[in-house]
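None of the figures in this text is laboratory data; all of them are computed from the coordinates on show. This is a predicted model, so every value here is computed, not measured. Cβ: placed from backbone, ideal geometry, glycine included. Neighbour counts: every protein chain shown.
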Amino acid sequence: MSYAPRLQEKYKNEVVPNLKEKFSYKSVMQVPKIQKICLNQGVGAAVSDKKLVENAVEEMSIIAGQKALAVKSRKDVSNFKLRKGMPVGVMVTLRGDKMYEFLDRLINIALPRTRDFRGVKASGFDGTGNFNMGIKEHIIFPEINIDKVNKIFGMDITFVTSTSSDEESKALLKAFGFPFVKN
């Protein structure tokens, strides 16, 4: 028997039947699913210190469970002393098992560790079924050793779904147990 992430099993056994009934889909294939999760971290101070990008790549790789990429600037900006091709951020795109594992850790471990956490605002939907949220401190993930962190960075997380409706996308994330703020 092969390993399958807990949330992937939950999607097959609970989420699909519930959403199929709620939105009256004719086929199981019409039920929306999360296609990928994109993590982005801007490292603006990396213009003066190259080590910050290396540390950010290492920390993002630990959080995501897969190698992160350093993102380079596309153009020169003299006000920021930025040259084309300089590293300015870090990104990771998660799919498959690693995506479900990250989602599980985000919902059940990392978000509840956030200071004064009352839920995630549902205002991050973009009109095409994708959800964006920001995290102010990447140290909420238990994989990060706080003693070894030089600088605390924020992070943007994008959930790309297979639907074009925000309502269906929100229902999908809620079915996974995503902690949206109650109105």
Of everything in the stretch 1-57, what is farther than 30 Å from Asn145 by Cα, among the aromatic types (Phe, Trp, Tyr) and surrounded by fewer than 19 Cβ atoms within 10 Å (Cβ to Cβ)? Give them in sequence order. Phe23, Tyr25
Quick one: which residue in Phe102, Phe117 is part of a loop (DSSP other than H, G, I, E, B) and within 25 Å of Lys170 (Cβ to Cβ)? Phe117
In the stretch 137-183, how many are in a loop (DSSP other than H, G, I, E, B), closer than 17 Å to Glu58 by Cβ and β-branched (Val, Ile, Thr)? 3
Enumeration of residues in the stretch 77-99 that are assigned to a helix (DSSP H, G or I), of a type outside the set (Phe, Trp, Tyr) and over 17 Å from the mean Cα position of the chain (by Cα): Ser78, Asn79
Answer yes or no: is there a residue in the stretch 104-127 that is closer than 24 Å to Met29 by Cβ and touching an Asp or Glu at 6+ places or on another chain (Cβ under 6 Å). yes
Would you confirm whether or not the stretch 110-127 contains a residue that is touching a residue at least 60 places away in the same chain (Cβ under 8 Å), in contact with a His (Cβ under 7 Å, 6 or more places away or on another chain) and of a type in the set (A, V, I, L, M, F, W, C)? no
